[in-house]
Amino acid sequence: MTHFQGHTYAMKKEMFPDFVEALKKEGMVVAPKSVGSDLLYMPIDNASEVDFSRIPLDDPKMYVFPMTEKIFTLKDEKVVPLLKSMKLVLLGMRPCDVAAFQCLNRFFGDYVEENGIRDPYVMDKMDDLTIVAFNCPHPKEHCFCSAMGTGPVATSGFDLSLTDLGDNYLVETRSERGEKIIQKLFLPTASSEEMVEREEIRKRCETEMNVDFNAEGIEKKIEKTVNAVAEKYAEKCIVCGGCNFYCPTCSCYNMSDVDRGTAVERIRFWDSCMLRGFTWLAGGTFERDAIGARMKQRLMHKLSYTVVHYGTLSCTGCGRCSQVCPSYIFMEDMVRDILRGG
Amino acid sequence: MYLIVEGGEVIGVVPCESHPVSEGKLCIKGWKAHEFIHSPDRLTKPLIKRGGRFVEASWDEALDLVAERFTDIVDRHGPRALGFFSSARCTNEENYVMQKLARAAFKSNNIDHCARLCHASTVAGLMAAFGSGAMTNSINELLDAKSILVTGSNTTEQHPIIGGKILHARKRGAKLIVIDPREIQLAKHADVHLRPLPGTDVAWLNSFIHVILEEGLEDEKFIQDHLESESFQEMKKIVMSPRYSPENTEKVTSIPAHDLRRAAILFASNRPGSVVYSMGITQHVQGTDNVKSVANLQMIIGNVGFYATGVNPLRGQNNVQGACDMGALPSWFPGYQPVTDSSIQRKMAKAWGVRAEEMDSMVGLTIVEMVKAAGSGDIKGLYIIGENPMVSDPNLNSTEESLKEPFLVVQDIFMTPTAELADVVLPAASFAEKEGTYTSTQRTVSRVRRAIEPLGDSKPDDWIIGQIAERAWYEGCSYSSPAEILDEINRLVPIYAGITWKRIDSAEFPFGISWPCPTEEHPGTDYLHGGGNFSRGKGKCHVCEYVKPPEEPDTEYPFRLTTGRIAFHYHTGTMTRRSPTLDREVRSAYIEINPADASELGIRHNGVVKVRSRRGEITVRAEVSETVPRGVVFIPWHFKEAAANKLTNDTLDPDSKIPGFKVCAVKIERA
């Protein structure tokens, strides 16, 4: 994806069904779809099921890194890996999640590959994945992507992206794979007016988001303030783990072996650094016993450690952790407090 | 909450963003709700005990045996020799069918469920005061209260979503008053935290009312228009006596008089005010008096029948409200229609196709009474669904002896310590495997939908109950679907009359309807007793005098033990302890003890101690912590291998028959 320059096209909205048909040739298409009164990332058959009207809470991370996954079975002293992969198109991923997938690529693939290690369970799925981003026309309550430099318009990390220009979609390509899909539709190149329009939509969304801080360089400021901020917000934390589970970049997992009698299954499942048991030591003590210490770890990891190790912040400003927090602890408040000195 | 299913297995959950109460928030038990479903420990075959060991059996064998033994017991000893424990984890429809099995098929009112152990005193107390025994208001109203009094509820651990809303209400300016012996998380955010000794609630509640009347902060108009005046005058006479002055109350409760006065004035002068309570109020030998006193308090301030006010007992299981509503109680038919009322008996008999004069017309036995009756031989057959008295009941050593006696049938999803004592074990389906409805703590009836097929040979509870009934020559417990059962409920239960399957299965009510809902046109009821017009007519004050708990610390057993739950486990731990994430968080029982007490006894943090009461002994780890005051200790009761209920006292509240779990005397020594 990295060396491809990319092109920009205009697509009449009437062509969206053809676009979806073209995507279906690349694999199972998953898009935000109305289920009950919620929007969930679900497999779709035709374009009419796709709903871009709201930003879903649902996290597409599950399609590459499931909540629970059987990774191998042990039977008759033989290990049988259960590598599951299928061609998948994630349609309508928001820019924050596109950025999150780039983080996941580094955590599970790019970085460790230099040492000859690659997590096949996640990376096989990543390799078979086509990402079609949808740039946000409007923000949601807890959005702060503009402060984290990940949105509201995606600039890289996708195969195709869509921007809603009213009658048209602006379609951008960032990979050979994306270019190949779009070429079958014979779309005209976007006009300069359309490019200006996209810029205006970005500005409008940023204005509506109304974020009064910018996280650039936060990794240099965090040491001074993190203790006070972590302590302050931890007082309200009820330890549900939701901020980790629904963080699109959180990638910690735990494993357990399940004896089914005829075979043993190894299962891996999402873990959370906000749980005390995450740092359970022999003898029944806990490295991070106090909730404040766990909150500090979470903030340091998102806003500092991954900058050092992977060259990227791992908070994308999607606001999911704020939305799912039963105690109304908001990540945007913590980031702002860290930047402003506690 | 949505379940993610892959290849017939539940592999995850998705929070429901559009749900008006949860708003996409879950507690850790919700995030990990899928982890126990496919546990290898799930029961998937009926089991019959032969020669002291369980052997697998076919459904026909097991069901025939149960029906045959139950019928035989009724023939030889009468219907009252059978007992039935229904389950607050099961659906409304299953609870309805279970009580119908007891009442119509076997003609016994010996039906009860675990609400007896948690909110029996709420139902009794609020029914007497208001005419309805449920949470008066809705959860989201807490956000708009001007003051919130939380007592006997560790809300952020036991009802985390509600706890979060209380924290948020505090941030929005509500005054928060926490009254709890332990320094719980909410206490750290409170305007005032009072720490009464466990078991002294009537004393401080009366003193609150004393201060409010003394300061003239009562709502005179509300009292005049909406309360039975004689009852108010009688109650007033008692609480105004000098023994309930803050100064004299301090001697009993150890709450500083000045703080009590401040809290009472703060609460009464910031209206609308809401009281939130739970087990710390109900699980006492004076539980019903505690609840009545809370009702007294809210009535005299005029905090009942309006938005963001109310007496709000938080129910502790997914469907404990529904199990009560469905009449899984020895004194009520479904919908709180008394079993002793002959016109109701006739109505039910007609609908159920039995003769009214054959039905049991007397109030049946409660859970703890049934266990005792099993021990004494008065109950010969006991059918327990989704309950685990071998961990949840008080005075377990005695419970165990009693449960060994009768012909015991246990229906569950796991082999619980109770099931181990059974003669027949029937494998049931989990919540992910069944269709039906649940009723939440705020009286909202909503759908649960099947995500996967029942595992192995396990079956939904309503099917199993129907089969037993058929084999005992009663066809009335077999239905084609839960929808058909709800339809029958709609016809017989006035408060559920308008909550039809069609409505709550539709997009119009994706999150259910709150009872009372008398007709199909009715939108449901957010808060009860609107405008102060109580279900019983006028509100009734009750005279409640403080009585000492039956067992107080003495020189031999010098500590006051109180028990409770923690955020990571659910009741007897049969599900949560099988979730690797929840189990890792807290793996074993512990005792919270104040650092000063610990140091006197030479007990170190994490050290192993023996805790002994007059009824039993357990060995646990010490958690040395300021959370408990001196002289008070706390043990979570989820853990079967160190069951706190081996220590607790089985003395019952005379009004509601709830055991006084929350106070007993223990001694502690290093192990």
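The values are calculated or read from the model by the stated rules, or taken from the named source; none is laboratory data. The structure displayed is predicted, hence computed values, not measured ones. Glycine gets a Cβ as well: all are built from the backbone with ideal geometry, and neighbour counts include every protein chain shown. Accessible surface areas use protein heavy atoms only, side chains included; no ligands, DNA or RNA. Shrake-Rupley method; radii C 1.70, N 1.55, O 1.52, S 1.80 Å.
Remarks
- Every test in (1) under 23 Å from the mean Cα position of the chain (by Cα); (2) part of a loop (DSSP other than H, G, I, E, B); (3) not hydrophobic (A, V, I, L, M, F, W, C) is passed by residue A:163 save one, and that test is (2).
- The set of residues from the stretch B:626-653 being in contact (Cβ under 8 Å) with a residue 40 or more places away in the chain and open to solvent by 10 Å² or more (accessible area, probe 1.4 Å) comprises B:626, B:627, B:629, B:631, B:637, B:640, B:641, B:646, B:649, B:650, B:651, B:652.
- Test: residue B:535 is closer than 28 Å to residue B:293 by Cβ, at pLDDT 95 or above, under 26 Å from the mean Cα position of the chain (by Cα) and among the polar types (S, T, N, Q): no
- Cross-chain or 6+ apart pairs with Cβ under 8 Å, the stretch A:122-147 first and open to solvent by less than 20 Å² (accessible area, probe 1.4 Å), then acidic (Asp, Glu) and part of a loop (DSSP other than H, G, I, E, B): A:130/A:26; A:130/A:159; A:131/A:159; A:132/A:159
- Subset of the stretch A:288-301 that is open to solvent by 10 Å² or more (accessible area, probe 1.4 Å) and more than 14 Å from every other protein chain (Cβ to nearest Cβ) - its residue that is nearest to residue A:108 (Cα to Cα): A:301
- Residue check, residue B:521 acidic (Asp, Glu), closer than 29 Å to residue B:660 by Cβ and assigned to a loop (DSSP other than H, G, I, E, B): no
- Looking across the stretch B:172-200, the residues that are assigned to a helix (DSSP H, G or I) and either away from chain A (no Cβ under 11 Å) or open to solvent by 10 Å² or more (accessible area, probe 1.4 Å) (or both) come down to B:185, B:187, B:188, B:189.
- Residue A:24 being open to solvent by 70 Å² or more (accessible area, probe 1.4 Å), more than 10 Å from chain B (Cβ to nearest Cβ) and within 23 Å of the chain's Cα centre (by Cα): yes
- Counted residues, the stretch A:259-276 - those being open to solvent by 10 Å² or more (accessible area, probe 1.4 Å), at the interface with chain B (Cβ under 9 Å from one of its Cβ atoms) and farther than 23 Å from residue A:63 by Cα: 4
- In the stretch B:1-43, the residues that are in contact with a strand residue (DSSP E or B) (Cβ under 6 Å, 6 or more places away or on another chain), within 7 Å of another protein chain (Cβ to nearest Cβ) and touching a residue at least 60 places away in the same chain (Cβ under 8 Å): B:18, B:34
- Some residue of the stretch A:240-255 being over 23 Å from residue A:323 (Cα atoms), within 14 Å of another protein chain (Cβ to nearest Cβ) and either outside any loop (DSSP other than H, G, I, E, B) or open to solvent by 60 Å² or more (accessible area, probe 1.4 Å) (or both): yes
- Residue match in the stretch B:244-257 (condition: of a type in the set (Asp, Glu) and under 18 Å from residue B:284 (Cβ atoms)): no
- Residue identified as within 14 Å of chain A (Cβ to nearest Cβ) and more than 26 Å from the chain's Cα centre (by Cα) among B:604, B:578: B:604
- So residue B:394, is it assigned to a loop (DSSP other than H, G, I, E, B) and open to solvent by 20 Å² or more (accessible area, probe 1.4 Å): no
- Residues being open to solvent by less than 20 Å² (accessible area, probe 1.4 Å) and within 22 Å of residue B:651 (Cβ to Cβ) - total across the stretch B:284-304: 7
- For the residues B:53, B:69, the requirement of being basic (Lys, Arg), without any contact (Cβ under 8 Å) to a residue 12 or more places away in the chain and more than 12 Å from chain A (Cβ to nearest Cβ) singles out B:53.
- Of all residues making up the stretch B:129-171, the number that are touching a residue at least 12 places away in the same chain (Cβ under 8 Å), in a helix (DSSP H, G or I) and either more than 19 Å from the chain's Cα centre (by Cα) or within 10 Å of chain A (Cβ to nearest Cβ) (or both): 20
- Qualifying residue in the stretch B:592-601 (condition: part of a loop (DSSP other than H, G, I, E, B) and either under 30 Å from residue B:372 (Cβ atoms) or within 14 Å of chain A (Cβ to nearest Cβ) (or both)): no
- Residue B:375 on the phi > 0 side of the Ramachandran plot, out of contact with any Leu (no Cβ under 7 Å at 6 or more places or on another chain) and at pLDDT 95 or above: no
- Of all the numbered requirements in (1) open to solvent by 20 Å² or more (accessible area, probe 1.4 Å); (2) closer than 27 Å to residue B:582 by Cβ; (3) in contact with a helix residue (DSSP H, G or I) (Cβ under 8 Å, 6 or more places away or on another chain), residue A:323 misses one, and that requirement is (3).
- Filter pass, residue B:125 being in contact (Cβ under 8 Å) with a residue 12 or more places away in the chain, away from every other protein chain (no Cβ under 14 Å) and at positive phi: no
- Output for the stretch A:52-84, where each listed residue is surrounded by 15 or more Cβ atoms within 10 Å (Cβ to Cβ) and out of contact with any Phe, Trp or Tyr (no Cβ under 9 Å at 6 or more places or on another chain): A:55, A:70, A:72, A:73
- In a residue-by-residue description of the stretch B:89-105, the property of being open to solvent by less than 20 Å² (accessible area, probe 1.4 Å), within 14 Å of another protein chain (Cβ to nearest Cβ) and out of contact with any Pro (no Cβ under 6 Å at 6 or more places or on another chain) applies to no position.
- Only one entry in A:80, A:89, A:132, A:29 is more than 14 Å from chain B (Cβ to nearest Cβ), farther than 30 Å from residue A:14 by Cα and assigned to a strand (DSSP E or B), namely A:80.
- Yes/no for residue B:619 being open to solvent by 10 Å² or more (accessible area, probe 1.4 Å), outside any helix (DSSP H, G or I), more than 14 Å from chain A (Cβ to nearest Cβ) and hydroxyl-bearing (Ser, Thr, Tyr): yes
- Going through (1) closer than 30 Å to residue B:387 by Cα; (2) aliphatic (A, V, I, L, M); (3) open to solvent by 10 Å² or more (accessible area, probe 1.4 Å) one by one, residue B:266 falls short only on (1).
- Evaluation of residue B:368 against the conditions (1) touching a residue at least 40 places away in the same chain (Cβ under 8 Å); (2) under 22 Å from residue B:44 (Cα atoms) shows that the sole unmet condition is (2).
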